[in-house]
Amino acid sequence: MCGILAIATRIGERPAVSRAAAEAMRDEMAHRGPDGAGLLDLGHAILAHRRLAVVDLSPAGAQPMTTPEGRWSLVYNGEVYNDTELRAELSREGVRFVSTSDAETVLHVLARWGEAGLARLRGMYALALHDRDAGTMLLARDPLGIKPLYWWRHVRPDGGTEVVAASEPRAILAHPHCPARPDLVTLSGYLTTIRVTLGPRTLFEGVRTLEPGDTLTLDLRTEGLPARRGTIAWPEPCAASVRDAVEDSVRRHVRADVPVGSLLSGGLDSTIVAGLACRHVPGLRTYASGVRAAAGDLEHAALASGVLGTLHTEVPISREAFAEGWAFLVRAQGIPLGTPNEVAIHALARAMRAAGIVVALSGEGADELFCGYDVPLRSAARFEESGGARTTRDRGLFQVREAAWVPIEAKGSLLRAPVWRTLEGDAALIDEAERQFAAVWREGDALGTHQRLIRRVNLAGLLLRLDSSMMRASVEGRTPLADVRLAALAESMSVEARADLARSPAETKIPLRRGFADLVPAAILSRPKASFPLPFVEWLRDASPRLERSRFAREVFESGVVDAVAADPATHWRVAWPMLNLAAWGDELWGG
């Protein structure tokens, strides 16, 4: 797990940054890679890397990596879980490896099979690959979006163009010519969705994110660096049962040359992961966070730990710790939080790192793959049954409205008039909802399409939350249940095979509940979803003074709304949470 940076311009030209400036951009991500740093200057392109050593701790695993003849050079962030099989195949074809790092495997996969080789990778990754002979730069992100990758196109005063890509926006914003202006379209999207991206857009004007499973190939031989976009193919569903596929995924995810631990929320998913990991990690250490009065997370986690026999640590979150952690994460990451749980996840990561644990397993992904959200699915079923022909636009807008924190219809009175006028009635948010729904639409499978949209959109935001919160403490988060092979298996199943929505209460994640009934304690098997709940609504009051004095908030929101929310954030919590985050973010970057 690492932080990557790539800067490229046309062959024969130089980027508008010095080596020292590129190193400073790279080192904005030092927390993602405290174990080493590298930089390769190719003249028209720069590849830079911060290393978190997890597999092959020797210098042989350092990046950037280049093939022996010098044609291909790579910076890569991630882990590949079918490394053994890929190495065996490449070795048979004559490739000689000099390390045991999966980064070297990825380099040779792409050198041997080109962009099509991405479909062979089972794992999480974001990467930049420079091909000297073809004069191209390939950017790619794994199909589930477990690892982030951002990019920005800069047109220099001399007319030249360069593209900058990095694991975090702050590294791009450190470019001496990046303007770092807020993107009001994404800001409005965040108010409704509490997601920090809107399709490819980010909260920073001009800075884009590569969407899950997408590639971007830059032609470095041509003025303007034209880009060809592509999509990484999904694997065919495996023939194994869900239980066998999950066991296989966990076995692969524990591979590391550093200590491995596991998050344990006391819910179904994390208990399955920890229970299976115990078979491969002797003396597995598990970690739980929360408050004792909130949904019994700590108690259920302790119960699971006792049954599984793990070495268990509780990391309680107090009101004061929540306030400090929230402020720290917004300041350090340079983006608002998506959910309050990020504070708890970061606290867990800090405790794990302090204990020497570098890799943390998590149960994230099971709800998105195995229909764990019964309320939105039941609402979608009622919507589809209500009659009348519906378009993908109707259905996408339904999904936005169903999950809205701040409804679109409320923004005319919430945002300052000049801001709302520029948004044209949230046209971009509505268009993006339609695009996302159309991308997963299958005729005759309306409910399944709603489920695929939940997987496609929710999972990317969930995994970004995990990545940013854990990597801020230099811990690699791994998600065995958010595995592309397991996802292909889950999506080959009907919604009805994964959840019984007719029951009351609904039975969700049926393949997991029934497949692991012998492993998970009965009290947890039947427990509703919780996932580190925090009483953040009550705690929002502590942030009121910050909102009252926020200059950025008053530039974006109507002053009367700011005053009303600051006076009683608990009552207006669905508005207060995104508003307080945007205020803290805007004041941090543009002065409060």
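The values are calculated or read from the model by the stated rules, or taken from the named source; none is laboratory data. This is a predicted model, so every value here is computed, not measured. Neighbour counts run over all protein chains shown; Cβ positions are idealised from the backbone, glycine included.
Right, residue 254: touching a residue at least 24 places away in the same chain (Cβ under 8 Å), of a type outside the set (Gly, Ala, Ser) and under 29 Å from residue 100 (Cβ atoms) or not?
It is true that residue 254 is touching a residue at least 24 places away in the same chain (Cβ under 8 Å), of a type outside the set (Gly, Ala, Ser) and under 29 Å from residue 100 (Cβ atoms).
Return the residue satisfying two criteria in turn: it lies in the stretch 535-571 and is within 29 Å of the chain's Cα centre (by Cα) and among the aliphatic types (A, V, I, L, M), and of such residues it is nearest to residue 184 (Cα to Cα).
Only one residue fits best here, namely 556.
Please determine whether any residue of the stretch 273-284 is basic (Lys, Arg) and touching a Leu at 6+ places or on another chain (Cβ under 7 Å).
No, every residue in the stretch 273-284 fails to be basic (Lys, Arg) and touching a Leu at 6+ places or on another chain (Cβ under 7 Å).
Yes/no per residue for (1) outside any loop (DSSP other than H, G, I, E, B); (2) crowded, with 19+ Cβ neighbours inside 10 Å; (3) in the same structural domain as residue 148 (by TED's automatic domain parsing):
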residue: 435; (1), (2), (3): yes, no, no
residue: 470; (1), (2), (3): yes, yes, no
residue: 496; (1), (2), (3): yes, no, no
residue: 505; (1), (2), (3): no, no, no
residue: 513; (1), (2), (3): yes, no, no
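I'd like to verify a number: residues in the stretch 207-226 that are surrounded by fewer than 18 Cβ atoms within 10 Å (Cβ to Cβ) and either in contact (Cβ under 8 Å) with a residue 60 or more places away in the chain or touching a Lys or Arg at 6+ places or on another chain (Cβ under 7 Å) (or both), how many?
Count: 5.
If I go through the stretch 228-250 residue by residue, how many of them are within 22 Å of the chain's Cα centre (by Cα) and part of a helix (DSSP H, G or I)?
3
Can you tell me which residue in the stretch 567-592 is surrounded by the most Cβ atoms within 10 Å (Cβ to Cβ), limited to those that are small (Gly, Ala, Ser), more than 19 Å from residue 412 (Cα to Cα) and touching a Ser or Thr at 6+ places or on another chain (Cβ under 9 Å)?
So, considering only residues that are small (Gly, Ala, Ser), more than 19 Å from residue 412 (Cα to Cα) and touching a Ser or Thr at 6+ places or on another chain (Cβ under 9 Å), the one surrounded by the most Cβ atoms within 10 Å (Cβ to Cβ) is 584.
Go through the stretch 399-412 and report how many residues are over 20 Å from residue 581 (Cβ atoms) and in contact (Cβ under 8 Å) with a residue 40 or more places away in the chain.
Here the count works out to 1.
Whether any residue in the stretch 500-513 is without any contact (Cβ under 8 Å) to a residue 24 or more places away in the chain and within 21 Å of residue 310 (Cα to Cα) is what I want to check.
no
If you go through the stretch 227-271 one residue at a time, how many are more than 30 Å from residue 164 (Cα to Cα) and of a type in the set (Lys, Arg)?
Residues flagged as more than 30 Å from residue 164 (Cα to Cα) and of a type in the set (Lys, Arg) within the stretch 227-271 amount to 4.
This table checks each residue for (1) surrounded by fewer than 17 Cβ atoms within 10 Å (Cβ to Cβ); (2) aromatic (Phe, Trp, Tyr); (3) within 30 Å of residue 495 (Cα to Cα).
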{"site": "327", "(1), (2), (3)": "yes, no, no"}
{"site": "336", "(1), (2), (3)": "no, no, no"}
{"site": "358", "(1), (2), (3)": "no, no, no"}
{"site": "364", "(1), (2), (3)": "no, no, yes"}
{"site": "370", "(1), (2), (3)": "no, yes, yes"}
{"site": "385", "(1), (2), (3)": "yes, no, yes"}
{"site": "403", "(1), (2), (3)": "no, no, yes"}
{"site": "418", "(1), (2), (3)": "yes, no, no"}
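If a residue counts only when it is surrounded by fewer than 17 Cβ atoms within 10 Å (Cβ to Cβ), which strands (runs of 3 or more DSSP E) contained entirely in the stretch 1-108 have at least 1 such residues?
Those strands (runs of 3 or more DSSP E) span 36-41.
Would you pick out the residues in the stretch 297-326 that are within 21 Å of residue 578 (Cβ to Cβ) and either touching a helix residue (DSSP H, G or I) at 6+ places or on another chain (Cβ under 7 Å) or outside any helix (DSSP H, G or I) (or both)?
317, 319, 322, 323, 325, 326 - these are the residues of the stretch 297-326 that are within 21 Å of residue 578 (Cβ to Cβ) and either touching a helix residue (DSSP H, G or I) at 6+ places or on another chain (Cβ under 7 Å) or outside any helix (DSSP H, G or I) (or both).
Provide a single number: the residues in the stretch 516-557 that are among the charged types (D, E, K, R) and either surrounded by 17 or more Cβ atoms within 10 Å (Cβ to Cβ) or closer than 29 Å to residue 466 by Cα (or both).
Final tally of qualifying residues: 8.
A quick yes/no check of all residues on (1) charged (D, E, K, R); (2) surrounded by fewer than 21 Cβ atoms within 10 Å (Cβ to Cβ); (3) closer than 23 Å to residue 45 by Cβ; (4) under 16 Å from the mean Cα position of the chain (by Cα):
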site: 140; (1), (2), (3), (4): no, no, yes, yes
site: 160; (1), (2), (3), (4): no, yes, yes, no
site: 168; (1), (2), (3), (4): yes, no, yes, yes
site: 179; (1), (2), (3), (4): no, yes, yes, no
site: 183; (1), (2), (3), (4): yes, yes, no, no
site: 189; (1), (2), (3), (4): no, no, no, no
site: 193; (1), (2), (3), (4): no, no, no, yes
site: 196; (1), (2), (3), (4): no, no, no, yes
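Filtering the stretch 297-322 down to residues that are under 13 Å from residue 535 (Cα atoms) and of a type in the set (D, E, K, R), which residue is nearest to the chain's Cα centre (by Cα)?
Ranking the candidates gives 297 first.
Let's see how each residue does on (1) more than 30 Å from residue 320 (Cα to Cα); (2) outside any helix (DSSP H, G or I); (3) free of Cβ contacts under 8 Å to residues at least 12 places away in the same chain:
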| position | (1), (2), (3) |
| --- | --- |
| 482 | yes, yes, no |
| 489 | yes, no, no |
| 527 | no, yes, no |
| 552 | no, no, no |
| 569 | no, yes, no |
| 576 | no, no, no |
| 579 | no, no, no |
| 585 | no, no, no |
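So which residues in the stretch 515-525 are in contact with a helix residue (DSSP H, G or I) (Cβ under 9 Å, 6 or more places away or on another chain), of a type in the set (A, V, I, L, M, F, W, C) and outside any loop (DSSP other than H, G, I, E, B), if there are any at all?
523, 524, 525 - these are the residues of the stretch 515-525 that are in contact with a helix residue (DSSP H, G or I) (Cβ under 9 Å, 6 or more places away or on another chain), of a type in the set (A, V, I, L, M, F, W, C) and outside any loop (DSSP other than H, G, I, E, B).
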